[in-house]
1. Does K390 satisfy the condition of being part of a helix (DSSP H, G or I), in contact with a Leu (Cβ under 7 Å, 6 or more places away or on another chain), within 30 Å of K320 (Cβ to Cβ) and assigned by TED's automatic domain parsing to the domain that holds L547?
2. Looking for something modelled with pLDDT of 90 or more and among the β-branched types (V, I, T) - is there at least one such residue anywhere in the range 533-546?
3. Test V76 against the criterion of being in a strand (DSSP E or B), hydrophobic (A, V, I, L, M, F, W, C), modelled with pLDDT of 90 or more and surrounded by fewer than 24 Cβ atoms within 10 Å (Cβ to Cβ), and give yes or no.
4. Out of L417, L435, which single residue is more than 21 Å from the chain's Cα centre (by Cα), surrounded by 17 or more Cβ atoms within 10 Å (Cβ to Cβ) and either free of Cβ contacts under 8 Å to residues at least 40 places away in the same chain or not assigned by TED's automatic domain parsing to the domain that holds M503 (or both)?
5. So if I check each of R369, R425, R406, which one is touching a residue at least 12 places away in the same chain (Cβ under 8 Å), over 30 Å from I236 (Cβ atoms) and surrounded by fewer than 20 Cβ atoms within 10 Å (Cβ to Cβ)?
6. Can you tell me which residue is modelled with the lowest pLDDT among those in the range 261-279 that are surrounded by fewer than 21 Cβ atoms within 10 Å (Cβ to Cβ) and not acidic (D, E)?
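The values are calculated or read from the model by the stated rules, or taken from the named source; none is laboratory data. Note that the structure is predicted; figures quoted are calculated from it, not measured. Neighbour counts run over all protein chains shown; Cβ positions are idealised from the backbone, glycine included.
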Amino acid sequence: MENRRNLIVAVVLCIGILLVWDRFFLPKSAPPPSPAPVAGAGTARKAGPAPETQPKEAAPALAPGGRAERGPERTVSLETRDARYVFSTWGASVKAVYLTGPQFRAKTGDGRPKGSALEIVRAPTGDAAPFVIGFPESGFSWPDDVAWQVVSQTPNQVRFAAAAGGVTVTKIFSTVPESYQLRLDVEVHNQSGGSLAPRLSLTIPGRQDPDKKGGGMFSYAVASVEEMVCLVDDSIERHAVEGLREDPINKSGVVKWVAADERFFTIAAVPPQQDLADTRTCRQTASSEEAGAVTVVLGPLTLANGDRHTYPFALFTGPKYRDLLAGVAAFPMEGVQAKGGLSAADVELDSSVNVTFAFISRPMMATLRAFHGFTQNWGLAIILLTILVKLITFYPAHKALLSGKRMAKLAPKVAELKEKYGNDRERLGRETMALYKAQGVNVLGGCLPSLIQMPIWIALYSTLSYSVELYRASFVGYIHDLSSPDPYYILPLVMGVTMFVQMRMTPAGTDPQQQKIMSVMMPVMFTFFQIFLPSGLALYVLTNYTLGIVHQVIVNRLDKQTAKLRPAKAS
């Protein structure tokens with residue numbers, strides 16, 4: 001009775017955790033749709049033809065007191081080893097970002113030309129693209145459609161300039177070698193004839209693809225939900241676009257970074273080093289359930305007539321490799337006393353990787369990367385990680401199996417107690433517990449491995465779902481992406497069979513009929529779960545149950561050998 005009750009409680013807990021996990025921690029998802037244009041760190045798109053790079057221009061004459069009419073949109077490009085950036089004269093912004101590394105090049109069957117780069121930012125116009133600036137609450141007018149012009153361009157830098165309200169602004173984008181970073185210097189020149197106290201703002205838009213919503217944990221594709229994120233006073237504010245229309249966020253304090261974030265990619269901005277006396281604001285808004293934006297507003301800085309000031313931003317536009325994110329630092333701001341300053345470690349841009357049980361998932365990912373270092377195969381690395389986890393949990397698992405064996409042998413005596421005290425449930429419970437205690441059986445021993453494994457399982461799910469290292473990582477044969485579900489359901493089905501075999505090998509306990517039912521129901525249920533989860537996780541579970549079968553075989557043989565030795569000792 002106790003064994004059945006413990007089993008039912010374990011099943012209910014597992015299902016409850018999965019449902020709570022799906023409801024509160026997982027973003028929604030749906031089958032992958034055809035690509036559609038998005039702005040910000042939207043779902044990865046196929047690359048179209050590269051925009052034509054404009055030739056270097058001479059600096060135009062800007063009239064700081066007036067406002068020039070904006071001409072047709074023009075684009076210029078910069079390229080690094082790993083990415084290509086397309087800038088627009090509308091907004092002096094990053095209109096498109098293409099990832100050109102081998103991991104992100106299209107393969108056969110990807111739905112885009114083989115070998116084409118992966119587009120992670122595609123805005124309809126530069127006005128709706130990342131890194132548009134503004135001057136809210138600054139005492140002068142800076143229109144959204146101000147006329148930006150290309151002042152100059154080199155292979156590593158592009159310079160824009162615009163003038164309005166007596167202020168001339170220059171935006172300089174510079175590439176950072178061998179990284180996904182850009183440096184943005186915003187120079188503000190006061191030519192208004194009086195003193196100004198401008199508050200500079202920088203905005204990153206994001207768009208939630210409506211076809212990517214709905215379905216939750218049990219839809220085919222793992223979610224790629226657009227979220228507006230910022231780190232303020234060491235607290236992460238992370239909100240999906242669809243919720244910001246009714247409940248916008250406006251939080252002031254020490255703003256370390258802002259980002260439009262999704263599963264594998266992020267578009268982030270790190271403001272200049274902040275004087276602790278300077279109050280900055282993170283604003284997260286949405287104009288609809290699909291279009292949102294995150295904005296950082298810097299504190300006011302007094303500029304006398306003729307004064308200039310430069311605001312240096314560190315920008316990140318690419319995949320969420322934790323080591324690269326951890327290396328992003330804030331630039332010092334000239335003329336401002338930054339008390340203590342912010343180093344790369346202080347910025348903590350790597351905290352944008354949204355994992356659960358980070359204290360487990362982070363060392364787990366580090367171990368996985370170490371295994372990949374000498375196997376050169378992420379699937380083999382997952383198998384080795386599973387073996388390591390099994391070794392770590394071996395002792396409690398072994399104790400649980402031995403406890404189960406002893407409990408199964410006591411089944412006849414428990415049946416006798418049921419016949420004797422069947423009408424007195426309280427007495428039956430006391431006598432059963434006394435029997436288990438006398439025989440050294442721990443009735444909770446079978447739950448211990450599950451309790452230990454559950455946070456590991458959830459952390460591994462989070463790691464496999466949100467680690468860009470596994471994006472499009474091949475294993476063997478038809479498995480070309482361990483971060484996505486098995487397209488042919490082979491791993492989940494084989495996992496279900498191994499789970500069924502292991503449960504049938506487990507001692508029947510006090511209620512054999514109940515165990516037979518559960519040995520069918522549980523594999524079917526977990527097979528169904530695994531169909532919709534990353535194939536890397538299915539590989540982990542399959543390996544785990546296979547090792548469990550081996551462990552059970554060893555325990556059964558040891559038990560038989562012990563049983564043979566007992567009569568010999570007795571004689």
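1. yes
2. Checked against the condition, which is being modelled with pLDDT of 90 or more and among the β-branched types (V, I, T), the range 533-546 yields at least one hit.
3. Numbers: in a strand (DSSP E or B): yes; hydrophobic (A, V, I, L, M, F, W, C): yes; modelled with pLDDT of 90 or more: yes; surrounded by fewer than 24 Cβ atoms within 10 Å (Cβ to Cβ): yes.
It is true that V76 is in a strand (DSSP E or B), hydrophobic (A, V, I, L, M, F, W, C), modelled with pLDDT of 90 or more and surrounded by fewer than 24 Cβ atoms within 10 Å (Cβ to Cβ).
4. Values: L435 fails: surrounded by 17 or more Cβ atoms within 10 Å (Cβ to Cβ).
Testing whether each residue is more than 21 Å from the chain's Cα centre (by Cα), surrounded by 17 or more Cβ atoms within 10 Å (Cβ to Cβ) and either free of Cβ contacts under 8 Å to residues at least 40 places away in the same chain or not assigned by TED's automatic domain parsing to the domain that holds M503 (or both) leaves just L417.
5. Numbers: R369 fails: over 30 Å from I236 (Cβ atoms); R425 fails: touching a residue at least 12 places away in the same chain (Cβ under 8 Å).
Testing whether each residue is touching a residue at least 12 places away in the same chain (Cβ under 8 Å), over 30 Å from I236 (Cβ atoms) and surrounded by fewer than 20 Cβ atoms within 10 Å (Cβ to Cβ) leaves just R406.
6. From the range 261-279, those surrounded by fewer than 21 Cβ atoms within 10 Å (Cβ to Cβ) are 275-279; that's our starting set.
Still in the running and not acidic (D, E): 276-277, 279.
On the way: L276: 59, A277: 62, T279: 83.
Among those that are surrounded by fewer than 21 Cβ atoms within 10 Å (Cβ to Cβ) and not acidic (D, E), it is L276.
Every residue, every condition in (1) of a type in the set (D, E, K, R); (2) at positive phi; (3) assigned by TED's automatic domain parsing to the domain that holds R159, yes or no:
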position: T75; (1), (2), (3): no, no, yes
position: G91; (1), (2), (3): no, yes, yes
position: V94; (1), (2), (3): no, no, yes
position: V97; (1), (2), (3): no, no, yes
position: G115; (1), (2), (3): no, yes, yes
position: E119; (1), (2), (3): yes, no, yes
position: T125; (1), (2), (3): no, no, yes
position: A128; (1), (2), (3): no, no, yes
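Residue-by-condition table, conditions (1) in a strand (DSSP E or B); (2) in contact with a Ser or Thr (Cβ under 6 Å, 6 or more places away or on another chain):
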position	(1), (2)
C230	yes, no
R238	yes, no
E242	no, no
V258	yes, no
A268	yes, no
R283	yes, yes
